[in-house]
Each structure stands twice: as structure tokens, then as C-alpha cells.
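Let me begin by presenting the structure, written as C-alpha cells, before commenting on it.
What follows draws every value from the coordinates through simple rules; no lab data is involved. Note that the structure is predicted; figures quoted are calculated from it, not measured. Cβ coordinates were reconstructed from backbone atoms using ideal geometry, including for glycine residues, and neighbour counts include every protein chain displayed.
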Amino acid sequence: MKEESIDILVIGAGPSGCVSAAYLKNNNLNVKVVEKARFPRYVIGESLLPKCMEHFEEVGLLECLKEKKFEKKLGARFMKNNIICNFDFSIKHTKGWDWTWQVPRDDFDNTLATEVQKKGVSIDFEHEVIDVSFDGSNSKTIVKDKNGNLKTISAKFIIDSSGYGRVLPRLLELDIPSTLPNHSSIFAQVKDIKRPEGNEGTLITFDIINTHVWLWVIPFSNGNTSIGFVGPTEFINSFEGSPSEVLSEMLKISNYYYERFKDVDFLFEPKIIQNFSKAVKQLYGNGYALTGNSAEFLDPVFSSGVTFATASGLLAAKLACKQLNNESVDWETEYVQYIKEGVDVFSSYINEWYTGNLQKLFFHRPENLDIKKQICAVLAGYVWDKTNPFVTKHKRIISIIAHTISLEEESKKKS
């Protein structure tokens, strides 16, 4: 069996893995990436948040993405019962990036991986991790290539950015049930031949069917559009037929988008992810750290996946670099506490979305512009800004304001 020795092994060549690898290479560490798939490949998570632009810029991956001219995402639209709530990322509480992208992930991820390779990082595509063992913080990882050949990789640290592959959570039995509701999704891409001109044709939209079911519409600059439904697992599974038949039937419940998409062919057979929310016992151990979806996946309603992936990937790389340089690292405080703070904020928003409280804030009229700016900062990914009361008081502020709105509505009905 072939053997290879490196400083740090990164599992997964998605945004989290590429940001990690780029940072480590920039800091002169011997890093290797192993990736089970062959790129380009399709994956979900096509809507980014402005916060992640900072991460790409810091590690030198921003310019290669700008050259691709992906569709700019300047905000997001939420629609329910003929009421529209528009968020403009340039009008938010927290200073920072005012825009990001809507991206076909096959092209986006391949662009990142190609740039990382140009930096000198070795990426072994079509290599699957089949076993990992630790001796203190040192590890031996056995990988298998597409022809069945095995290789052992010795590393001083592992960053698991394997996403839905969840390599270390699976091998080390770290998975635990998520506290979020059991939701599933069905999605595909279409050639958007009926796309309207102007902003209507490019704006990302969340079409809220009811409190628990919604449709995403994410237009790309290549003329294709991603569409997908999210809802309780029992609702998604209540439709019969092939995935194409199911998604076609579900489109009928969208009064706004049915005419646009009813006769459009899917570019691939729609995919279904059952019970997508994931959680783990721990985010790190002796010799490893979990990043992105390999750690936790929340819910796609606020497009937080890639931002948490790049934030955790960059932070894990920084701390691993410090550790290999014999600097003291408190993983619990410097990594877990920081990542958990952001995850907890978004978790509150997701939970309150499905209670209906956050939807009440979104669609209440007249709008409170100060509150909207503070919520917009969260939706832009700035969930660590302690000057924002919608960050620091996330556990109770939404329900309190929603309750106040309900009391006002009741009062108006009686008067």
C-alpha cells in the first residue's frame, strides 16, 4: 500500500475545504485534499450570503470567482399571500459586503478547486476515505481511488469538510439527532425559457405556500434556474410518482410561479433529501475538526450553508495552523463557542420561521424599517455582530415582537 505524509489532510473539495486548503497553503503548510467525487459535480447550496465574501477574499479566492460573472445577489424576496417582503443587503444594520452571488455549484466549486490547485495544493479527486485511526493528534487515513487502489495518508491534523458525506461523523460515530424539525426537500434546475426581463428574472425568491412549506427560485447568469420545495417530511412524501412527477405536481401549489415553470423540462431528475437537518456530538477532537455540513446543517430557508462552511473552514485552518506551530489553542473557546454562537442565531431564526413568528415580522404592515435593517444584517450572514439586538437577543426578541404585533392586530379588530 502506498504511503504519504503531510501536515494537514482536508477531506472534501467544496467551499469549506477549498478555503481551508488555500489558507494553509498560504501559510506554507503541506496540505492535501481528498475528494470522493469527480469535479465538476452537482450539489445543492446555490445561494450565498455576503458574509462569505470576506472569507474568499482573505484566502485569495475572490478574484477567480469574480471572473466567472455569476448572478449577483443584492438581497432576497419573500412572498406570502400577495404580500412581498424585500431585503436589500445595502440597507442593513451591520457594515460589510452588500452583495454576493447565486451560483450553479458545479461551476462554482470547480472554479475554487482549480484555483486552489493553481496555488500548489494537491487534490486527489475520486478518492474515498474508508478508515481513519488516531494516535494522539496524529492520524492515518486510508483512502481508496476509483480503481480500488488503497493509500495511507499520515497527517498531523485532519479538517473534515466532507459536507453531506459526513466522513468523520460517520466513522467516529459522532452524529446525533438535530433539534430542528424533520424537513425534507425536492429540487432541480430548469432552462428558464420564460424568465422575465430585469430584476424579476434575476432576484432570488422564497414563495411561502404556508407556514411550513415554501418554494425557492434561484436564477443563475447562465440562463438556468434552481427551483425546490421545502416542507415537513410527511408532506414531501405525500406526493406519488417519480421525482419529476412529484415536483411537477407540487409546482401547481405556487400561484405565482406555476405558469413560468409548468412546461419547462428539468435539466436532471429532481433530487430529494430526506430529513436534511444534521447535528454532531462535538465539533473537534484530538487531531481533527469538523467544518460546514460535515458538522451541522440547519435549513436552507436563509441560505446559511455555504457561509457557515467557509467561516468554519477558515477558522479551523487558522487554529490548526497555530497548533502545528506549537502555539496554544483552546478549541472549545476559539472554535466551538464562536461557531455555535452563529449557529444558535440562525437556529433561532429557523425555529421562529416555522412557528410563524418570524413570518409575522416579515409580512406585517406597515414595516418597521429599523427592525428590518437589523434582521437584514442577520440574513446577510452577520450573525456575530453583538451590536445587533437581533443577534444578542435572538432567543426571545422575535417571539416578543410577534406577540406584540398579534396584540395590536387583535386590538384593531375590536375597535
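With a/c under 1.5 counting as rounded, go ahead and sort the stretch 261-336 into rounded, prolate or oblate using the C-alpha gyration tensor (a ≥ b ≥ c being the square roots of the eigenvalues; past the cut-off, prolate if a/b is larger than b/c, else oblate). Prolate, since a/c reaches 1.5 and a/b exceeds b/c.
Scaled to the globular estimate 2.2 N^0.38 Å, the Cα spread of the stretch 187-273, given as radius of gyration, is 1.03.
Listed by chain and number, the aspartates and glutamates whose C-alpha is less than 18 Å from the C-alpha of LYS194, apart from same-chain residues fewer than 8 away, are GLU71, ASP207, GLU259, ASP263, ASP265.
Of the GluC sites (Glu not before Pro) found in the stretch 292-354, those that fall in a DSSP loop while having at most 16 other beta-carbon atoms within 10 Å are GLU327.
Gain on full extension, evaluated as 0.36 nm per residue between CYS64 and LYS144 minus their Cα-Cα distance, stands at 25.7 nm. Ordering LYS414, LYS340 by the number of other Cβ atoms within 10 Å of each residue's own Cβ, fewest first, gives LYS414, LYS340. Which of LYS51/LYS72; LYS2/LYS140; LYS119/LYS340; LYS68/LYS191; LYS151/LYS281 have a Cα-Cα distance over 24 Å? Distance filter (> 24 Å) returns LYS119/LYS340; LYS151/LYS281.
Indicate the helices, whole DSSP H runs only, in the chain that combine a mean Kyte-Doolittle hydropathy of -1.0 or more with a Cα extent along their long axis of 24 angstrom or more.
Answer set is 305-324, 338-355, 397-414.
Stretched out straight at 0.36 nm per residue, the stretch from GLU234 to GLU4 would grow longer than its current Cα-Cα span by 78.1 nm.
As a proxy for reagent exposure, ranking PHE134, PHE108 by other Cβ atoms within 10 Å from fewest up yields PHE134, PHE108. Across the cross-link table entries LYS80/LYS271; LYS92/LYS413; LYS66/LYS360, which are compared at the Cα atoms, the separations over 27 Å belong to LYS92/LYS413; LYS66/LYS360. Here the ratio of the Cα radius of gyration of the stretch 255-397 to 2.2 N^0.38 Å is 1.29.
Karplus-based coupling profile of the stretch 267-273, in residue order and whole Hz: 6, 7, 4, x, 9, 10, 10, with θ = phi - 60° in 6.51 cos²θ - 1.76 cosθ + 1.60 and x standing for Gly or Pro. Taking 0.36 nm per residue of separation and subtracting the current Cα-Cα distance, fully stretching the chain between LEU171 and THR404 would add 79.1 nm. Note the listed values (i) 37, 25, 20; (ii) 38, 21, 20; (iii) 41, 22, 20, then indicate which one is semi-axes √(5λ) of the Cα gyration tensor in Å calculated from this particular structure. Among (i) 37, 25, 20; (ii) 38, 21, 20; (iii) 41, 22, 20, the one derived from this structure is (i).
Taking other Cβ atoms within 10 Å as a rough exposure proxy, SER226, SER328 sort from fewest to most as SER328, SER226. Running a GNM on the chain with Cα contacts under 10 Å, which residue among ILE91, ILE130, ILE227 ends up with the highest mean-square fluctuation? Of ILE91, ILE130, ILE227, the Gaussian network model singles out ILE130 as fluctuating most.
Label-to-label distance, PHE125 versus THR333, with points set 7 angstrom from Cα along the beta-carbon direction: 4.3 nm. Estimated from helical segments only, the mean residue ellipticity of the chain at 222 nm is -10000 deg cm²/dmol, where each DSSP H run of four or more residues counts as -39500 (n - 2.57).
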